[in-house]
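Notes follow once the structure below has been shown.
The values are calculated or read from the model by the stated rules, or taken from the named source; none is laboratory data. These figures come from a predicted structure and were not determined experimentally. Quick reminder, even Gly has a Cβ in these numbers, built from the backbone with ideal geometry, and neighbours come from all protein chains shown.
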Amino acid sequence: MLSARRTAATLGTLCAGALLTGCFGGDPDAGTNGVGKLPATTIEQQAKAAADAAPTVRLSGTVVSNGQTYRLDMRLRTNGGVGEVTTKGNTFQLLRVDSALYLKANADFYGDGGTDADSKAAAAKLNGKYVKVPTGDPAYKQFSGFTDKKILLDGLFVLDGTPQVGDHRKVDDTKTIAVNGSTGGSLDVSLQGRPYPLRYQRAGNTGTLTLSDWNEDFTLTAPSKDATVDLGNAK
């Protein structure tokens, strides 16, 4: 029977010989899609290709833009998106079907413009309705980007500085490999199945976004006319 001292020495020798694959823990990339062993730029490229090819995704989390924090929970596809946005304590729904953008909120959201009777009456008219936003309205440009899969996903692949392979991590129960910008930002890429991006941490503590439900289909349908106020045709 080996003594405790001899057993420890034997294990130390075995660990030294297996240093490249790790002792006890094993190879962290074993049983994965192998993306974790690739250069950082290649991981980014494969994650972007997987994201671009996917018809649908759910994106949730926070974004800080121009000093304002937005909390998003959006389901996106190539021809539009649907979900909720919260900012400054107000939550509103966004729905875009092709180029038609609709915004739905309560009266308080619209009541910020004034407290007089006319303003309150106008806000009450829009309460709970889908407001169709004209394409030429500044709000269209501001809010349509939250429903645009390409715009939102392109923003994920902006890491500050030179990309570097980071740690093996997890997003929920899925193993990931981190790609870090040398001066800020981090992208978690799935090590299971296709290398989808699963989490994006923006540089400078300006938000974290989680991506899920890749390829899970959903339907985008324009609201009925009875539930819609068309600002472009409002009298």
- Note on the structure: By my count, strands (runs of 3 or more DSSP E) wholly in the stretch 194-235 with at least 2 residues that are at pLDDT 95 or above are 197-201, 208-212
- Within the stretch 81-100, is there a residue that is within 30 Å of residue 180 (Cβ to Cβ) and polar (S, T, N, Q)? yes
- Has the stretch 106-119 got any residue that is within 20 Å of residue 196 (Cβ to Cβ) and of a type outside the set (Lys, Arg)? no
